[in-house]
Structure formats: structure tokens, C-alpha cells
Amino acid sequence: MSELSCNGDAEQTKKLHEKVVKQIEYYFGDMNLMRDKFMKEKIQEDDGWITIETMLKFNRLKQLTAEPKVICEALKQLSSLMEVSENGEKIRRNPSKPLPGDTKERRDEIASRSIYAKGFPLDSTLDDLMAFFEKYGSVENVYLKRDFTKKTFKGSVFVVFNQKEDAEKFIKEEETKYNDVLLASKLFKAFLILICMDSIDILFLHYSKEVGEKEDNKEEKDDENEVLLKTKQQMTKNAVIHLKGMNPETNREEIKQFFAPHGDVGWVDFDKGVTEGYLRLREPNSAAPTLEKAKAAGDGKIIIHETEIEVRVVEGDEEVEYWKKMYRDIAEKQDKRKKGGGRSGGRGGGRGGRNQRGGRRTRGGPQGKRRQNKKNEGEGGDSDNEEADDDDEPRTKVSKTEAD
């Protein structure tokens with residue numbers, strides 16, 4: 001074998017080892033171990049040790065290599081986080097590097113280097129996005145937001161950088177592009193609150209409310225300008241339709257079913273008994289095309305519950321005010337929950353969920369069982385740096401439609 005061939009093989013082996021270590025350290029890293037039920041259960045069984053056979057059930061690791069020997073060699077040579085058992089059959093996180101405590105200070109520190117970005121092509125892969133963000137600095141995690149029902153990438157991500165300065169570098173960059181596509185939005189996660197209800201992650205912009213009235217008019221004006229700026233950054237543009245003149249007997253499901261064949265319905269802001277409401281679509285710039293298709297299917301008319309209704313696209317200042325009010329309503333509702341004024345019991349009480357911080361609840365019934373079975377196979381914890389089944393559009397206070 002030539003020297004050139006040997007050098008080429010050595011370089012390929014090195015790259016493979018680096019990828020294996022990166023993936024293993026993700027599974028045993030701070031972020032994943034704090035939230036991965038399967039991994040947490042496994043490390044309790046044998047003093048932190050997990051068999052390589054079990055680890056090879058994780059899809060992304062198995063795609064890199066199915067050879068236990070390769071995994072052991074990679075970890076021994078390159079990882080300071082991991083230990084390999086003497087017989088080479090098990091691995092564990094080094095006991096000298098325990099998980100940090102799940103404290104408010106720790107969560108705030110993570111949030112300070114966490115960002116949200118939106119506007120990526122829907123065919124983007126995790127590996128592509130990891131490579132993109134690593135241009136700004138070392139990355140701890142990338143979570144791909146996925147449609148709850150279709151399981152497809154929605155074009156938005158959460159990213160946790162290892163250094164706060166790298167996160168700031170990304171946010172401060174003007175006109176950030178991915179493959180020549182200008183990103184639609186990018187914010188620090190500190191501006192966002194993630195609420196999980198009924199296994200749907202609902203992302204909305206957080207408006208901080210100070211106790212008492214501010215006396216300084218300039219401060220009030222500055223705060224309002226900041227709210228306006230954040231609203232324009234976060235809102236899904238040209239995606240709201242106003243409905244007027246509806247039959248009082250019309251319900252949300254009828255509205256959803258009528259528009260579903262013509263557009264990707266997100267939520268229906270409407271209460272039975274009133275004659276006006278709003279329809280929100282998931283995709284930007286989809287309101288006008290959706291209306292056009294709906295009218296074409298009805299010979300130029302929109303008829304719901306045997307009643308012809310007036311419809312129009314919400315635009316301009318009215319559109320911004322609509323989203324601003326919606327975000328504020330949600331923030332006020334969340335504030336009430338924090339203060340104990342929200343609902344108790346029912347669907348998880350206050351914030352409920354994983355770690356009691358608004359995380360996803362494990363529900364009973366067929367879907368809950370399927371998710372649990374997947375974890376038992378060793379793949380439920382294989383989030384592979386992705387956050388599945390998420391919805392990055394906010395829900396209004398009155399919307400409880402089945403459109404999700």
C-alpha cells in the first residue's frame with residue numbers, strides 16, 4: 001500500500017473518530033442527559049455504564065459505525081468526557097465530571113448563549129445546519145423544529161453555542177444568509193418562552209411586565225418601540241385572514257375544514273356565537289393565495305355553514321397590531337399561571353410537564369404508548385440534536401381549535 005493511500009486512510013479514520021466522539025458526547029452531554037428519559041434511566045442501572053450494544057440502537061451513531069471497536073478507540077483517543085470499560089463493552093460519563101445542578105442560574109446561563117433562527121430551506125439536514133452554525137463558533141446543540149403531524153422540518157431551529165460571545169456574533173451579524181437565502185428571523189432565546197401543551201410546543205414572544213406604573217414617558221415609549229420591533233421580527237407575515245358575517249352557529253372545526261384544502265391552517269381565533277374572527281396560516285405570504293384558491297373553489301364566494309361571509313387579508317398596521325395583541329394576551333395568561341392564578345388540574349395544572357417547567361407531558365392513550373415504546377428501544381432518547389414535533393407559532397388566548 002502506498003504512503004499516500006496510508007495517509008488517506010489515516011485521515012478518514014481520524015474524521016470518523018471525531019464524528020463518533022462528537023455524537024457520543026452529545027448523548028452523554030449536559031443538555032441531553034438533563035432531558036432524555038431513556039438515557040437517565042439507563043445510567044441508573046449500572047453505575048452510569050451503558051453497553052455499546054445499547055448505544056448502537058441510536059440511529060445517528062449506527063450510521064457512523066456499527067463497530068464497537070471503532071467506538072472504543074475513538075473515545076480512548078479523543079474524549080475527556082467519557083470512560084470505556086476494561087472489557088470494551090460499556091461506556092459511561094466520567095464520574096469526575098458530574099452533571100451540573102438544574103438551577104435557575106444554570107438555566108439562565110444556557111439561555112444567554114441560546115438563539116432561535118427561522119427561514120431555513122425545508123430540505124435542510126441536521127448535518128448541514130450544524131456545519132453552518134459552527135462557522136460562528138463551537139456548538140453544543142442544534143434543535144430542528146418539526147411539524148407535529150407531518151414530522152417535517154419547519155425551517156426554524158434552536159441553537160445552543162458553547163460560548164455566549166459566539167451566540168452574540170451570530171445575532172449581531174446583519175443579513176445572515178444560509179446558502180444565499182436570507183434568514184427571516186433570529187433572536188436570543190431569552191426573548192422567547194416555550195410553552196408545551198398537549199405535546200405541542202408553542203413558541204411565543206415574551207413581553208416583560210413591570211409591577212406598577214412607569215412615570216418616565218420616555219421609558220414607556222422606548223418599551224413600546226421594543227415591543228413593536230420584536231413583534232415585527234417574530235410575526236408570520238401575510239398569514240392572517242379576517243372573517244366577517246359568519247352564522248352564529250358556526251364553530252371552529254367548520255372553518256378549519258373549509259380552508260384546510262386551500263392552505264396550511266395553523267389556528268382559528270374565533271368563538272362560537274360571534275360573527276367575526278381570524279384564521280392564521282402557518283406559512284408566511286400564504287393568506288392571499290389561500291383566499292384565491294378558496295374563492296375559486298366556490299365560484300368566487302366563501303360560504304361556511306350555509307352563510308356567505310366576507311373575507312380579507314390582514315395587512316399593514318392592522319396586521320402588526322393583531323400579532324402584538326396576541327403576544328400580549330399570551331404573556332398575560334402565562335403571568336397568571338406563574339402567580340398561581342391559572343388553571344389547576346385539567347391538562348397538567350399550571351405549567352406542568354417535564355421538570356415542571358412547561359415541558360412536554362407523557363400522555364396516556366395510544367400515542368403516549370407509542371412514544372414510550374420507542375424510548376424503550378433506545379431510539380426515543382436518540383433526539384440526535386433535533387427537537388421534534390414542535391410548533392413555532394404562538395397560540396392566542398381563545399384558540400382551542402383542532403387545527404394543530
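The values are calculated or read from the model by the stated rules, or taken from the named source; none is laboratory data. What you are looking at is a predicted structure, and each value in this text was computed from that prediction instead of being measured. Here the Cβ is made from the backbone with ideal geometry for all residues, glycine too, and neighbour counts use every protein chain on show. The area values use the complete protein model at the heavy-atom level, side chains included, leaving out ligands, DNA and RNA. Shrake-Rupley method; radii C 1.70, N 1.55, O 1.52, S 1.80 Å.
Within region 300-315, does at least one residue satisfy the condition of being part of a helix (DSSP H, G or I) and either modelled with pLDDT of 90 or more or among the aromatic types (Phe, Trp, Tyr) (or both)? There is no residue in region 300-315 that is part of a helix (DSSP H, G or I) and either modelled with pLDDT of 90 or more or among the aromatic types (Phe, Trp, Tyr) (or both).
In summary, TRP323 fulfils each of the numbered conditions (1) touching a helix residue (DSSP H, G or I) at 6+ places or on another chain (Cβ under 6 Å); (2) at pLDDT below 90; (3) farther than 12 Å from VAL240 by Cα with the single exception of condition (3).
Taking region 259-284, which residues are among the charged types (D, E, K, R), open to solvent by 60 Å² or more (accessible area, probe 1.4 Å) and part of a loop (DSSP other than H, G, I, E, B)?
Narrowing region 259-284 to residues among the charged types (D, E, K, R): 264, 269, 271-272, 276, 280, 282-283.
Now restrict to residues that are open to solvent by 60 Å² or more (accessible area, probe 1.4 Å): 271-272, 276, 283.
Passing the criteria: ASP271, GLU283.
The requirement of being among the small types (Gly, Ala, Ser) and surrounded by fewer than 18 Cβ atoms within 10 Å (Cβ to Cβ) is fulfilled nowhere in region 68-79; no residue meets it. Residues satisfying the criterion are absent from region 360-367 (criterion: at pLDDT 65 or above and not in a loop (DSSP other than H, G, I, E, B)).
Restricting attention to region 115-128, the residues that are among the hydroxyl-bearing types (Ser, Thr, Tyr) and over 26 Å from LEU64 (Cβ atoms) add up to 1.
So for region 188-195 (the condition being at pLDDT 75 or above and either in a helix (DSSP H, G or I) or surrounded by fewer than 19 Cβ atoms within 10 Å (Cβ to Cβ) (or both)), does at least one residue qualify? Lay out the reasoning, then the answer.
Of region 188-195, the ones at pLDDT 75 or above are 188-189.
In the following step, the residues that additionally are either in a helix (DSSP H, G or I) or surrounded by fewer than 19 Cβ atoms within 10 Å (Cβ to Cβ) (or both) were identified as 188-189.
Among the residues of region 188-195, at least one is at pLDDT 75 or above and either in a helix (DSSP H, G or I) or surrounded by fewer than 19 Cβ atoms within 10 Å (Cβ to Cβ) (or both), which makes the answer yes.
Figure legend. Inter-residue proximity from region 36-49: first residues in contact (Cβ under 8 Å) with a residue 60 or more places away in the chain and open to solvent by less than 70 Å² (accessible area, probe 1.4 Å), second residues not in a helix (DSSP H, G or I) and not hydrophobic (A, V, I, L, M, F, W, C), beta-carbon distance below 6 Å, spacing 6+ or different chains. Indicated pairs: ASP36/GLY381; PHE38/GLY380; PHE38/GLY381; MET39/GLY381. Here HIS17 meets each of (1) in a loop (DSSP other than H, G, I, E, B); (2) surrounded by 14 or more Cβ atoms within 10 Å (Cβ to Cβ) with one exception, condition (1).
Take the conditions surrounded by fewer than 18 Cβ atoms within 10 Å (Cβ to Cβ) and among the acidic types (Asp, Glu) and apply them to GLU25. Does it pass? First the steps, then the outcome.
On the way: surrounded by fewer than 18 Cβ atoms within 10 Å (Cβ to Cβ): no; among the acidic types (Asp, Glu): yes.
For GLU25, the condition - surrounded by fewer than 18 Cβ atoms within 10 Å (Cβ to Cβ) and among the acidic types (Asp, Glu) - is not met.
Screening GLY277 on (1) without any contact (Cβ under 8 Å) to a residue 40 or more places away in the chain; (2) under 26 Å from the mean Cα position of the chain (by Cα) shows it passes everything except condition (2). Suppose we keep only residues that are of a type in the set (D, E, K, R), open to solvent by 30 Å² or more (accessible area, probe 1.4 Å) and assigned to a loop (DSSP other than H, G, I, E, B) within region 118-159. Which one would you say is nearest to THR176 (Cα to Cα)? The residue in question is LYS135.
The set of residues in region 106-117 that are modelled with pLDDT under 90 and either open to solvent by less than 20 Å² (accessible area, probe 1.4 Å) or not in a loop (DSSP other than H, G, I, E, B) (or both) comprises ARG106, ARG107, ASP108, GLU109, ILE110, ALA111. Could you please tell me which pairs satisfy a Cβ distance under 9 Å, a separation of 6+ or placement on different chains, a first residue in region 141-168 that is without any contact (Cβ under 8 Å) to a residue 24 or more places away in the chain, and a second residue that is assigned to a strand (DSSP E or B) and surrounded by fewer than 22 Cβ atoms within 10 Å (Cβ to Cβ)? Pairs that qualify, where the first residue is without any contact (Cβ under 8 Å) to a residue 24 or more places away in the chain and the partner is assigned to a strand (DSSP E or B) and surrounded by fewer than 22 Cβ atoms within 10 Å (Cβ to Cβ), are GLU168/PHE188.
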